[in-house]
1. Could you report the accessible area of Glu182 in Å², rounded to 10, computed with a 1.4 Å probe on the protein chains as they sit in the structure?
2. Quick check on segment 2-70: take the gyration tensor over C-alpha atoms, sort the square-rooted eigenvalues as a ≥ b ≥ c, and tell me if it's rounded (a/c under 1.5), prolate or oblate.
3. For Arg318 and Asp388, what does the FRET efficiency come to when R0 = 25 Å and r is the distance between their Cβ atoms, rounded to the nearest 0.05?
4. Using modelled backbone amide H atoms (1.01 Å from N, in-plane), which distant-in-sequence or interchain residues come within less than 5 Å of Val404's amide H?
5. Over the alpha-carbon set of the chain, divide Rg by the Kirkwood Rh and report the Rg/Rh ratio to two decimals.
6. Quote the accessible area belonging to Leu103 in square angstrom, nearest 10, computed with a 1.4 Å probe and with ligands, DNA and RNA left uncounted.
7. Calculated FRET efficiency, Asp6 and Arg73, Cβ-Cβ r, R0 25 Å, to nearest 0.05?
8. To the nearest 0.05, what FRET efficiency results for Asp419 and Ala338 with a Förster distance of 35 Å applied to their C-beta separation?
Amino acid sequence: MTAVADRITGLVGALRAHGVRIGTGESVDAARAVEALGLADRELLREGLAATLLHGPGQRTLFDSVFDLYFPRGVGGPREAPGDRESLRDRLAEALAADDRALMGRLAAEAVDGLGGYGSSPGSDGWSAYQTLDRLRPQTLLARVRADVRGREGSGAGFADRLLDDEIRGRIEEFRRMVGAEARRRVAERRGRDEIARRGVRPTADRVDFLFADRDQLTELRRAVAPLARKLATRLAARRRRAARGAIDLRRTLRSSLSTGGVPMRPVLRRRRPVRPELVLLCDVSGSVSGFSDFTMLLVQALHDQFGKVRVFAFVNRLDEVTGLLDHGRADPDGLSARIRAEATLTGWHGSSDYGVALGEFAERYGGAVGPRTTVFVLGDARTNMSDPNLPAVREIARQARRVYWLNPEPRDRWGTGDSAAPAYADLVEMHECRTARQLSTLVAHLLPV
């Protein structure tokens with residue numbers, strides 16, 4: 001039982017290291033779930049622990065990866081010697097056609113053992129999911145599996161065939177996840193579960209650097225915009241209620257205290273006039289920075305009811321207003337980036353980012369968008385491709401605005417390296433490192449005006 005307790009403790013510790021909030025009570029509930037469910041049915045145990053430890057569906061992928069390390073399907077290699085590549089592909093096609101998850105799991109273990117091994121030194125990891133999948137190429141089995149399923153069910157081509165293709169792709173993706181879990185398990189046996197759980201498990205989307213997020217992670221982030229916006233709106237409303245109470249009016253408080261012998265029993269507050277602030281976003285949408293800008297634009301659009309006015313501008317080396325395009329983006333958030341590039345003028349005679357030209361164009365053409373009630377957010381890595389950063393334009397924007405904040409998705413230790421003008425801009429406006437969605441939500445809740 002001590003070994004099981006150690007596994008539960010390790011599982012909880014790994015989830016906490018990845019940002020999942022788990023208290024002592026939830027850990028105790030997890031231990032009780034293991035005691036009640038037992039270890040015989042692994043999938044039942046998985047669901048029981050997930051129910052006691054997780055707070056939302058966005059944490060499930062992370063949990064499954066960590067669970068597979070601390071409660072693995074097996075130990076060591078497969079009992080049977082793996083077959084050759086073509087034999088594995090044939091059996092995998094049959095398993096995919098029958099949707100036999102148990103067989104797919106066994107084939108994943110065989111594939112990793114037979115195709116994923118590398119390195120002979122004790123210090124090498126020894127197993128690679130990427131190498132396994134690259135050699136096995138399960139995605140090329142789609143046509144064969146489709147023909148097999150249609151032969152079994154007697155279905156014809158057409159719309160139903162397209163639905164079948166989507167279902168088969170889902171099965172192939174599930175097999176790919178099984179291969180990844182098996183490779184991590186084999187590596188963990190060599191290097192230790194705790195280290196692999198900390199370094200080898202894909203983090204939740206809100207903890208992935210915007211600059212390194214892949215397409216699936218960015219899609220997951222866009223789906224998280226609505227619930228995150230609701231949470232931030234609640235925080236902003238609470239801040240607004242506190243701010244509306246106002247500060248103590250010392251003169252009126254002392255005057256009212258004359259009736260109580262000079263003791264200020266009832267402080268008089270200087271009430272604030274409820275005026276909603278205005279917000280302007282200047283977003284670099286070039287290269288890898290575009291994912292960061294897209295997510296922030298969608299988030300601010302979802303919060304637009306919190307402000308008197310919101311205007312959004314995108315740029316690469318030319319700047320154009322895209323406020324109207326965000327309404328379309330709310331219906332199709334995944335297509336926002338393509339829509340902006342298709343309908344906005346963002347580049348001139350070259351395609352590289354040029355902050356100096358873009359910021360100068362904003363100050364010249366859209367200076368009227370900034371006033372004493374306006375907070376400006378600049379989103380970008382401040383890399384100018386060795387062009388003029390146009391600091392006077394930034395000074396002009398800062399002079400007109402209530403506040404200017406710069407959110408930089410690059411690590412702070414890279415500011416000022418190469419063509420980065422971040423230190424020069426940071427001398428003029430307040431610059432913050434903003435690498436993940438978690439950092440962004442914290443900064444938005446703290447910096448947005450009320």
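1. Looks like 20 Å² after rounding.
2. Verdict is rounded for segment 2-70.
3. In this case the efficiency is close to 0.95.
4. Here Val376, Glu430 satisfy the definition.
5. 1.07
6. Surface accessible to solvent at Leu103 totals approximately 40 Å².
7. About 0.85, to the nearest 0.05.
8. 0.80
The values are calculated or read from the model by the stated rules, or taken from the named source; none is laboratory data. Here the structure is a predicted model, which means the values were calculated and not measured. Note that each Cβ is placed from the backbone with ideal geometry, even for glycine, and that neighbours are counted across all protein chains shown. These accessible areas exclude ligands, DNA and RNA; they are computed on the full protein's heavy atoms, side chains included. Shrake-Rupley method; radii C 1.70, N 1.55, O 1.52, S 1.80 Å.
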